[in-house]
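Trainee: Following this message is one structure expressed as structure tokens.
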Amino acid sequence: MAVAEPTPEEALALAASAGIHRLALPTPFLVGRVNCYLIEDEPLTLLDTGPNSGLALDELELALAARGHRIEDLGLIIITHQHLDHVGLLDILVRRSGAEVAALYLLAPYLAEFSESMDGDDRFAESLMRTHGVPGDVVIALRAVSSAFRAWGCSAQVTRPLRDGDALELRDRTLRVLHRPGHSPSDTVFLDDERAILIAGDHLIAHISSNPFVSRPLGAPPDVERPRALLTYIESMRATRELSPELTLPGHGDPILDHRALIDQRFDMHARRAQKMLELIRERPLTAHEIAREMWGNTAVTQAYLTLSEVLGHVDILIAEGRAREEYSDGVVRFGTNKA
């Protein structure tokens with residue numbers, strides 16, 4: 001008789017029995033609540049912080065109090081990646097607790113000069129949108145939105161820079177540090193081999209695909225050549241597929257019990273989406289924004305950068321397979337098929 005798969009609540013209880021507690025904090029973003037994780041060890045450790053908002057801070061304090069802790073008790077804060085919903089409260093928490101901050105070494109200068117880093121990201125994104133056909137008025141509007149969003153983040157100092165393959169040792173456990181870029185350049189996951197638990201941040205999410213944002217590489221100038229984010233993300237997922245956690249704790253939504261099955265679903269989805277885009281460019285070359293409009297209608301305007309990243313990622317797959325090509329003329333890139 002087949003054993004029933006644990007429910008999300010049972011999976012979270014398994015994590016809690018290992019001293020890892022999910023704290024789901026509110027965000028102002030469409031993705032909804034962000035999962036931070038309290039690790040009851042020595043030092044008392046918080047993985048990710050939630051956005052810089054009074055509401056998130058209030059809920060964090062209540063969640064810690066429910067476990068018998070205060071912000072001032074934190075001794076270590078671990079950051080999975082650079083996005084605002086994961087780092088926003090970092091400065092406040094460090095100032096109140098004196099906790100050390102562990103994050104990917106490449107992320108340290110980005111967080112130390114947060115405002116300048118965000119400005120570089122915005123200039124990179126603006127150039128990318130114009131090059132790929134996003135109308136100027138949309139670009140200007142999105143730049144204004146991005147500037148407003150900066151208030152949800154903060155500057156902070158990383159005191160324990162991490163590298164891929166490092167061992168982050170607490171009193172009762174060791175977390176293996178694994179750099180998994182794709183969703184962002186700084187995505188880092190943490191594997192507790194002894195307990196077979198992977199804390200994955202936004203690298204893997206069960207209910208939605210982790211969007212491979214085309215982001216300025218960490219430390220690069222705004223005029224850098226765009227990275228191939230989805231190709232990078234696929235390679236990262238292949239590496240994660242080789243791991244053997246029994247439980248994966250994501251940055252949003254419910255725990256993941258079969259990470260390999262989820263990754264295989266993502267591979268299939270990306271292949272189908274790339275094929276659909278190939279059909280769109282068979283008749284004539286299109287800009288990435290035109291492809292996005294065909295795929296998602298008005299969402300390609302209201303979420304222009306998200307959908308642009310999706311299109312670029314999938315045409316990169318087609319180009320890598322030799323089925324599509326880039327054409328640059330009049331300051332704009334279009335994508336067409338390779339003729340047989």
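Trainee: Take R273, R180 and sort them by solvent-accessible surface of the protein heavy atoms, 1.4 Å probe, largest at the top.
Mentor: Details: R273 70, R180 20 Å².
The ordering from most to least exposed comes out as R273, R180.
Trainee: Distance between Cα centroids, the range 44-59 to the range 229-295: provide it in whole Å.
Mentor: If you average the Cα positions of each part, the centres end up 29 Å apart.
Trainee: Roughly how many Å² is the accessible area per residue of the chain, as a whole number, for a 1.4 Å probe?
Mentor: Computed with neighbouring chains in place, this is 43 Å² per residue.
Trainee: Where does helix 8-17 land angle-wise versus the long Cα axis of the chain, in degrees 0 to 90, nearest 10?
Mentor: 50
Trainee: Taking 0.36 nm per residue of sequence separation and subtracting the Cα-Cα distance, how much length would be gained by fully extending the chain between A239 and I140, in nm to one decimal? List each step's numbers first, then the result.
Mentor: On the way: separation 99, 0.36 × 99 = 35.64 nm, distance 3.80 nm.
Gain on stretching A239 to I140: 31.8 nm.
Trainee: Right, another one. How large is the dipole of the range 164-241 about the Cα centre if only Lys and Arg carry +1 and Asp and Glu carry -1, each at its Cβ, rounded to the nearest 20 debye? Don't skip to the end; give the middle numbers.
Mentor: Details: 10 positive and 12 negative charges, 47 e Å.
Charge dipole, the range 164-241, about its Cα centre: 220 debye, nearest 20.
Trainee: Charges at C-beta only: +1 for Lys and Arg, -1 for Asp and Glu. How large is the resulting dipole of the chain about its Cα centre, in Debye rounded to 20?
Mentor: Details: 34 positive and 50 negative charges, 189 e Å.
Around 900 debye, computed over the chain.
Trainee: How much accessible area does S127 have with a 1.4 Å probe, in Å² rounded to the nearest 10?
Mentor: Taking all protein chains as shown, S127 has close to 60 Å².
Trainee: Can you give me the orientation-averaged projected area of the convex hull built on the Cα atoms of the chain, in nm²? Display every interim value, and only then the final one.
Mentor: Working: hull surface 73.3 nm².
Computing the convex hull of the Cα atoms and averaging its projections yields 18.3 nm².
Trainee: What is the sum of charges, Lys and Arg at +1 and Asp and Glu at -1, for the other residues whose Cβ falls under 13 Å from the Cβ of G19?
Mentor: Details: positive: R22, R67, R171, R173, R195; negative: E40, D41, E42, D172, D192, E194.
Summing Lys/Arg as +1 and Asp/Glu as -1 gives -1.
Trainee: Of all the accessible heavy-atom surface of the range 47-168, with the other protein chains kept in place and a 1.4 Å probe, what percent is carbon and sulfur?
Mentor: Values: 2700 of 5030 Å².
Carbon-and-sulfur percentage of accessible area, whole number: 54.
Trainee: Distance in nm between label sites at D268 and E327, each 7 Å beyond Cα in the beta-carbon direction?
Mentor: With each label point 7 Å from Cα toward Cβ, the separation is 3.5 nm.
Trainee: Just reorder H83, H259 by solvent-accessible area, largest first, 1.4 Å probe, all chains present. Present the calculation step by step, with values, prior to reporting the outcome.
Mentor: Working: H83 45, H259 5 Å².
Ranked list, largest accessible area first: H83, H259.
Trainee: Sort out for me the Cα centre separation of the range 201-226 from the range 300-332, rounded to whole Å.
Mentor: Here the two parts' Cα centres lie 15 Å apart.
Trainee: Enumerate the calculated ³J(HN,Hα) couplings along the range 284-298 in order (Karplus 6.51 cos²θ - 1.76 cosθ + 1.60, θ = phi - 60°), each rounded to whole Hz, writing x wherever the residue is Gly or Pro.
Mentor: Result, rounded to whole Hz: 7, x, 10, 6, 4, 5, 5, 4, 4, 4, 5, 7, 10, x, 5.
Trainee: Keeping all protein chains in the complex and leaving out DNA, RNA and ligands, what accessible area do you get for E194 with a 1.4 Å probe, in Å² to the nearest 10?
Mentor: Here the residue's solvent-accessible area equals roughly 150 Å².
Trainee: State the antiparallel share, in %, of DSSP beta bridges confined to the chain, rounding to the nearest 5. Write down the numbers at each step before the final one.
Mentor: Numbers: 27 of 40 bridges.
Around 70 percent antiparallel, to the nearest 5.
Trainee: Keeping all protein chains in the complex and leaving out DNA, RNA and ligands, what accessible area do you get for Y305 with a 1.4 Å probe, in Å² to the nearest 10?
Mentor: Only protein atoms counted, so the area is about 40 Å².
Trainee: Now for a different question. Give me, ordered by chain and number, the residues 5 or more places off D254 or on other chains with an amide H under 5 Å from its own placed amide H.
Mentor: The answer is A206, H207.
Trainee: I would also like to ask the following. Of the accessible area of the range 181-340, with the probe set at 1.4 angstrom, what percent is carbon plus sulfur?
Mentor: Details: 3210 of 6780 Å².
Reported share for carbon and sulfur atoms: 47 percent.
Trainee: Additional query: Show me, bin by bin at 5 Å from 0, the whole-percent P(r) of the range 152-254 based on Cα pairs.
Mentor: Result returned by the calculation: 2, 12, 19, 23, 20, 15, 7, 2, 1, 0.
Trainee: Ok, one more. Starting from the Kirkwood Rh over alpha-carbon pairs, what translational D in µm² s⁻¹ does the range 63-179 have by Stokes-Einstein at 25 °C and 0.890 mPa s? Write down the numbers at each step before the final one.
Mentor: On the way: Rh = 16.2 Å.
The calculation lands on 152 µm²/s.
Trainee: By how many degrees, between 0 and 90 and to the nearest 10, does the Cα long axis of helix 259-280 differ from the longest principal axis of the chain?
Mentor: Approximately 20 degrees, to the nearest 10.
The values are calculated or read from the model by the stated rules, or taken from the named source; none is laboratory data. Bear in mind the structure is a predicted one, so any value in this text is a computation, not a measurement. All Cβ positions, glycine included, derive from the backbone under ideal geometry; neighbour counts span all protein chains shown. Keep in mind that these areas ignore ligands, DNA and RNA; they rest on the heavy atoms of the full protein, side chains included. Shrake-Rupley method; radii C 1.70, N 1.55, O 1.52, S 1.80 Å.
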